[in-house]
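See below for the structure under consideration.
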Amino acid sequence: MMASSYNAKEEVDGHHPGSSNHGGTGPINSKKPDNTAFKQQRLPAWQPILTAGTVLPAFFVIGLIFIPIGIGLYVTSNNIKEFEIDYTGAEPNSPCYVCAQNFSWNSTTPCFCTVNFTLQQPFENNIYMYYGLSNFYQNHRRYVKSRDDKQLNGDSKALEEPSSDCEPYRKSGGAPVAPCGAIANSLFNDTLDLSYVETNGTSTPIELQKSGIAWWTDKHVKFKNPPGSNLSVAFQNTVKPVNWRRPVYELDPSNPDNNGFINEDLIVWMRTAALPTFRKLYRIIPKKSGAVSTLPSGSYSLRIAYNYPVLSFDGRKRMILSTISWMGGKNPFLGIAYITVGSICFFLGIVLLIINHKYGNRSSSAEIPN
Amino acid sequence: MGMDFSTLRTLISRYCVGEENWVDSRTVYISHKEPPPGTEAFIQQRFPDNRIVSSKYTFWNFIPKNMFEQFRRVANFYFLVIFLVQLIIDTPTSPITSGLPLFFVITVTAIKQGYEDWLRHKADNAVNKCPVHVVQDGKVTCKQSRKLRVGDVVFVTEDETFPCDLILLSSSRDDGTCFVTTASLDGESSHKTYYAVQDTKAYKTEEEVSSIHATIECEQPQSDLYKFVGRINIYMNNEPVARPLGSENLLLRGATLKNTEYIYAVAIYTGMETKMALNYQSKSQKRSAVEKSMNDYLVVYLCILISKAIINTALKYVWQADPNRDEPWHNERTEAERQRHILIRAFTDFLAFMVLFNYIIPVSMYVTVEMQKFLGSYFILWDDEMFDEELGERAVVNTSDLNEELGQVEYVFTDKTGTLTENNMEFIECCVDGHVYVPHAICNGQVMPGSDTIDMIDTSPGPDARDREELFFRAVCLCHTVQVKEEETVDGIKHGIHQGKSSSFYISSSPDEVALVEGMNRLGFTYLRQKDSHMEILNRDDKVERFEVLEVLSFDSVRRRMSVIVRCSTGEVYLFCKGADSSIFPRVISGKVDQVKARVEHNAVEGLRTLCVAYRCLSPEQYQEVCHLLSRAKLALQDRDRQLAEAYDLIEKDLILLGATAVEDRLQEKAADTIESLHKAGMKVWVLTGDKMETASATCYASKLFRRNTQILELTTKRTEEQSLHDVLFDLSRTVLRHYGGMTRETSSGLSDDYTDFGLIIDGATLTAVMRPGQEGSNSGNYKELFLDICRNCSAVLCCRMAPLQKAQIVKMIKTSKEHPITLAIGDGANDVSMIQEAHVGIGIMGKEGRQAVRNSDYAIPKFKHLKKMLLVHGHYYYIRVSELVQYFFYKNVVFIFPQFLYQFFCGFSQQPLYDTAYLTLYNISFTSLPILLYSLIEQHINADILKKDPSLYKDIAKNSLLKWSSFIYWTALGIYDAIVMFFGAYFLFDNTTFTSNGQMFGNWTFGTLVFTVLVFTVTFKLALDTHYWTWINHFVIWGSLLFFVVFSLLWGGIIWPFLNYQRMYYVFMQMLSSGPAWLSIILLITTCLLPDVVKKVICRALWPTTTERIQTKRRCLASEPSTIFMLSQTSSRMSF
């Protein structure tokens, strides 16, 4: 009706033509949009704008917070004592050269070599002993994938029939490998023993603690032995990984609770490293009671049962002794980064202050008279 | 209305008139009675039943058909291929990572389409099962609509909707007419009259109707609602009588019977062949500029992706040339892998890298963009300010694909009548032989006889002149297609009751005619009604005069005139013709042409719409000839339109000029304000009208398209008659270019008022000459270029005397000119449809000339003034939102994938993914999807009021400025920077050290989780920094999705998930959070990532602020620091002393 209706007589009556009859009131009400804040895009809102003036204080604040944090981190990192020694045996003058050169998978007796070193400073508190590998691609996709978490969690079905991810380390001679996969197969099996050599030549072995090196959740939840009171029975239908010298249930002869899949050395190794140069926690040297430093300065000897070949892929092996603070091991990067970013922020704050002073006032004063 | 009408088809058919008009014919046997033997043998065709199928799928074919349709889209197909590759080869990431998002996207789309189809099924069923009354064997029986067949005689009562396309046989009215409203088809709610076949209109009962023995020959169905040709052969006494059928006999499915008790009609087109169903088809396929740049970026990213994969594959083979690296003792290949050929291995590696990096092409971007457009378009619907109280209408969105294009418009092409003006006509004056009559009816409502109420320029006319005057009034009263609507309803008060009579008012599809008839009423001649093909007029002496209507030569926009042939009571036959001056004057042989012409021109300058009226006395022989001509043309099945036009051309000649009328069409409310705003926003406004130059230019001045200081350049037939087109064009271009040569760009910003700009007026004929292709070889191309050059330098262009197709041609010419500007066409009538479809954005106005423009438009608004908010506010917002959406999507996926690329250099190019599968899968689906979607729905960088108040802000986003390559590169560079900071930050933190206080080490998954945590926080904070409008929803979604990430990570690593065959994420996130340095580095890395962007923003704002930023800052100053203003005003006052 509204399209073209027109009352011929209406204007005669003195109605204004503009207000001539248009539709009923019904359609108006039904089509009229709701006048709500959301539908009219008028929701109350905070409307921040990043200008030099508003950002400026934030920059100064960031600068003022970051620089002290950075200094704190840097100082903490510098206070950490770390000692690192390479025992790969790649160079002819190195003590492990013979072992490294004569390495054979078939030899039944391990090759031993001893590296002597001196700690210039005493190491206090708990000391963490790491082994480090270089050029070892634990993060290679084929390698990372090559494990069976179900098997490691004690699943008996997976123990019999490991996942195909473990190929080519899945079965050996028809029997399932436990633990299967490339990671487990290449378990780091050098044995490191540390002795303190006193000035008179006698050496005292230092007690190395084997527990507490793996994540608590890994040790207690993620890794489980297959059911059965006797481990050797539980693993009876499986074979050890080809490169292992001992089956999985005999990994730690000294502590029966540290055998099978819950062996902490195995658990540590199974957590694949992010980068090709990495270190893994090997042992903990607990703090001695009293005021004696854990490792006093002096001479030490490191006796290595050299079982692990790395020269074939140009790898290196290291032993690291480190103290630890609340922020972990020695890592100056974080402190330096904080100081740098803090200084940049502070500097930018000053730049913005100048800009704001020179241009900010100009633009706002130019606009206001309008 | 729920259906989309194809206009492409009508457009095509319009182009092909003549060749395609007559496709094929069909023969319909009424009541399925065979024609008597001996008549022409027809081949009985098979017709579909009357089932309407608007649904696309059936229950069975839904899944395959829907999948097929979805995977035809390139993006979906790409992800399907990635998914299949993941299934086939040994890939770094599980197929779930791409399968799940793809599945999600496909499922959401399928559910949406399935639901829509279910609704269509339901609607179809309702329609197909509704009862229809059919005459069978002399009785009315009821059957389901879908069982109706061609040839059935249908019985329809008042207010019922026609079940299929029908030919009217008879109606309850004696004259065999019926009234129909086609509101649901084309939105015209006026009652239209349809006619029964003359020979069958007497059959009024079911028995009689079923005795009709006839066949109908007609064309096969075509989609044009207003075209139909056919012929009915009635066999009475076995003597076939042929009668023509036209669109006036055809009742369309979907239309409703009104004011008529019942009708009988025969079905000729059923089911999917009805004109309504043929008009169901698809919408226009317009793509926005943003979509185009999005696709360009996609190609760039695809190239990046492929080159990354190639680089990594090459490096991988270089790296592992050493067998000890390739296969060290601890990491051997399986035998099967070793056997594989090196080329196959290399190819699989390439594919694996592709899979690893495929997330750089954001799978969810398409879904998000589509959702943003669909949901965002509701804000147009909901806008209170675009609701028109008077019409009771609000804005309509026919396609949401073009929302952001509204913010990019450079050229606005507008129709004049009904768009700029109200199309609410008021009779102003008429001029008979130079005497001017102005009705003063408004003064006292009484029409007084005599010259008191009529101003005349000349002295009182003599008796001869008085005859001519009355002839003129009669001509205007008779020469029209106005109907009288007798209002019998109770709301008589509303419409007014006059002198005891029931109220009545005039209805017509043309408001001009109503105004004229109504104006005649005020001058003493009242058109009463049409009855039994007689028109009744109440003359000045309150006597009823009756004229028999013999023929109506209806109006069309090509002839621009209409005629009626009537026989008056004395027996004389007159032809009255009414039309545009240009189409009447050449056909006039006598009359006071000069006086009338002068008056017409005078009125046109005033901005009035003028029509000329002429007549011709027909002698009985002449009348016979006319009848012959017309009936022959009308009976033609082929080319009927052309033949009719020729016949009309022969009939409407040798006219005697009577006079002219002038009708005022007032400007729409705020039209001038809107045009001014569009100008300030940097848009060029062109008015394209069929009106004459003087009228149109007056409207242009009134609507401030031309201002007083506008220098008008004319390119009209008048000028080209004096000079050659060539010279005129060169003259004009010299004028324009000389002027612009001496001006800097600064002044063109429109800030200074004394600045002269140019306005161009061109008419249809000259335009044809300018655009005429290659007559003089290279020269003609120059004309077009030259013309475009002139146009570019004019702020306003007026094109008058335009045919509908010429409008589209102009739009196309500008569209394809070398800058490829974005065009918008706005109009209200059927003659604007072609330009609405041609332009990038077509806007329909809900005017008085039906709904064709609205139907064919992309958006429809009630009034022209709403265009301002539509473009300046909605368009601006949508553009800002979508461009941020697109840029942000690419950015966040670069940041996501680039660290993974870097990681390949540290893992021996082994395609080891950096992040866990869950993170890879959910990053785009849930961790970072909602904030950007919400941003793209409700971001407002500036308040809507300011956008409206300051149209020049629109220039800030012109030319797709936020999606320029430079800003794309900035975003990508920012993404790469962030990725490098994140990756190497984590790298140096992890470098050969521990960062827990118990000495334990972290593995590669912690490394990835650390990077991922920084990533999620950085991209979310980046968006937060870009958000200028923080409602509670923004807070909820941004902080909520960060919280969701943390909670999810805690859960994901919190337990041993039995359905997973790996537990690599177990406690990784918790362990990471338990370490102090991890927290510190997360904070540090996020800060470092965000720093450059903040600095860039702040410095750019301070040193090179855009207008938008200036206003933002200014508003902030005004809001937060009133004291500053106070101080400043104090200083300034002190300075002035």
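List of remarks:
- In the range B:777-848, counting only strands (runs of 3 or more DSSP E) that sit wholly within it, the ones holding 3 or more residues that are under 12 Å from the mean Cα position of the chain (by Cα) and not assigned by the TED database to the domain that holds B:Arg609 span B:823-827, B:841-845.
- Restricting the range B:587-620 to residues that are closer than 13 Å to B:Thr661 by Cα and part of a strand (DSSP E or B), the residue that is nearest to the chain's Cα centre (by Cα) is B:Arg609.
- Pairs with Cβ under 6 Å, 6+ apart, first in the range B:207-224 and in contact (Cβ under 8 Å) with a residue 12 or more places away in the chain, second surrounded by fewer than 21 Cβ atoms within 10 Å (Cβ to Cβ) and of a type in the set (Gly, Ala, Ser): B:Glu207/B:Gly138; B:Ser210/B:Ser31; B:Ser210/B:Gly138; B:Glu217/B:Ser25; B:Glu219/B:Ser25; B:Asp224/B:Ser13
- Checked across the range B:894-904, the condition of being surrounded by fewer than 24 Cβ atoms within 10 Å (Cβ to Cβ) and either within 14 Å of another protein chain (Cβ to nearest Cβ) or under 25 Å from B:Lys680 (Cα atoms) (or both) holds for at least one residue.
- Selection within the range B:979-996 - facing chain A (nearest Cβ under 7 Å), surrounded by 23 or more Cβ atoms within 10 Å (Cβ to Cβ) and in a helix (DSSP H, G or I): B:Leu989, B:Phe990
- Enumeration of residues in the range A:61-96 that are over 18 Å from A:Tyr131 (Cα atoms) and over 31 Å from the mean Cα position of the chain (by Cα): A:Glu91, A:Pro92, A:Asn93
- Residue match in the range B:650-673 (condition: without any contact (Cβ under 8 Å) to a residue 60 or more places away in the chain, in the same structural domain as B:Asp467 (by the TED database) and either surrounded by fewer than 15 Cβ atoms within 10 Å (Cβ to Cβ) or acidic (Asp, Glu) (or both)): yes
- Test: residue in the range B:969-978 that is more than 38 Å from the chain's Cα centre (by Cα) and crowded, with 20+ Cβ neighbours inside 10 Å: yes
- Condition broken by B:Phe1012, with the remaining ones in (1) part of a helix (DSSP H, G or I); (2) within 8 Å of chain A (Cβ to nearest Cβ); (3) crowded, with 23+ Cβ neighbours inside 10 Å; (4) among the aromatic types (Phe, Trp, Tyr) satisfied: (2)
- Residue that is surrounded by the fewest Cβ atoms within 10 Å (Cβ to Cβ) [pool: residues in the range A:227-270 that are in a loop (DSSP other than H, G, I, E, B), within 11 Å of chain B (Cβ to nearest Cβ) and touching a strand residue (DSSP E or B) at 6+ places or on another chain (Cβ under 9 Å)]: A:Val242
- Restricted to the range A:25-130, the set of helices (runs of 4 or more DSSP H) holding at least 2 residues that are closer than 30 Å to B:Val1098 by Cα comprises A:52-79.
- B:Met294 vs. criteria of a type outside the set (D, E, K, R) and within 28 Å of B:His866 (Cβ to Cβ): no
- Selected residue (only one of B:Gly999, B:Gly1003, B:Gly1076 is more than 42 Å from the chain's Cα centre (by Cα), at the interface with another protein chain (Cβ under 10 Å from one of its Cβ atoms) and either at pLDDT 95 or above or closer than 19 Å to A:Asn139 by Cβ (or both)): B:Gly1003
- All helices (runs of 4 or more DSSP H) inside the range B:272-380 with 1 or more residues being more than 14 Å from chain A (Cβ to nearest Cβ) and either of a type in the set (Lys, Arg) or touching a strand residue (DSSP E or B) at 6+ places or on another chain (Cβ under 8 Å) (or both): B:275-278, B:289-319, B:363-376
- B:Asn1004 vs. criteria touching a Lys or Arg at 6+ places or on another chain (Cβ under 8 Å), among the polar types (S, T, N, Q) and at negative phi: no
- A single member of B:Asn259, B:Asn233 is within 14 Å of B:Ser171 (Cβ to Cβ) and touching a strand residue (DSSP E or B) at 6+ places or on another chain (Cβ under 7 Å), and it is B:Asn259.
- The residues of the range B:224-237 that are in contact with a Lys or Arg (Cβ under 8 Å, 6 or more places away or on another chain) and crowded, with 21+ Cβ neighbours inside 10 Å, listed by number, are B:Leu225, B:Val229, B:Ile232.
- With respect to (1) over 27 Å from the mean Cα position of the chain (by Cα); (2) crowded, with 22+ Cβ neighbours inside 10 Å, the lone exception for B:Trp965 is condition (2).
- Selection from the range A:296-332 of residues that are of a type in the set (Ser, Thr, Tyr) and within 14 Å of chain B (Cβ to nearest Cβ): A:Tyr308, A:Ser312, A:Ser322, A:Thr323, A:Ser325
- Pairs with Cβ under 7 Å, 6+ apart, first in the range B:1053-1070 and at the interface with another protein chain (Cβ under 8 Å from one of its Cβ atoms) and touching a residue at least 12 places away in the same chain (Cβ under 8 Å), second in a loop (DSSP other than H, G, I, E, B) and among the acidic types (Asp, Glu): B:Arg1064/B:Asp916
- B:Asp956 vs. criteria in a helix (DSSP H, G or I), farther than 27 Å from B:Ile304 by Cβ and without any contact (Cβ under 8 Å) to a residue 12 or more places away in the chain: no
- Residue selected from the range B:177-196 under the condition under 11 Å from B:Thr256 (Cα atoms) and within 24 Å of the chain's Cα centre (by Cα), by the criterion modelled with the highest pLDDT: B:Thr182
- Flag for B:Lys1096 being more than 9 Å from chain A (Cβ to nearest Cβ), within 41 Å of the chain's Cα centre (by Cα), part of a helix (DSSP H, G or I) and surrounded by fewer than 21 Cβ atoms within 10 Å (Cβ to Cβ): yes
- Output for the range B:303-340, where each listed residue is within 59 Å of the chain's Cα centre (by Cα) and modelled with pLDDT under 90: B:Glu337, B:Arg340
- Residues that are of a type in the set (Gly, Ala, Ser) and closer than 12 Å to B:Thr419 by Cβ within the range B:663-689 comprise just one, B:Ala671.
- Of the candidates B:Phe1007, B:Phe1036, B:Phe1059, the single residue that is surrounded by fewer than 23 Cβ atoms within 10 Å (Cβ to Cβ) and assigned to a helix (DSSP H, G or I) is B:Phe1036.
- Number of positions in the range B:47-70 that are within 30 Å of B:Asp24 (Cα to Cα) and either free of Cβ contacts under 8 Å to residues at least 12 places away in the same chain or not in a loop (DSSP other than H, G, I, E, B) (or both): 0
The values are calculated or read from the model by the stated rules, or taken from the named source; none is laboratory data. Quick caveat: nothing in here was measured; it's all calculated off a predicted structure. Because the Cβ atoms are built from the backbone with ideal geometry, glycine has one as well, and the counts that use them run over all protein chains shown.
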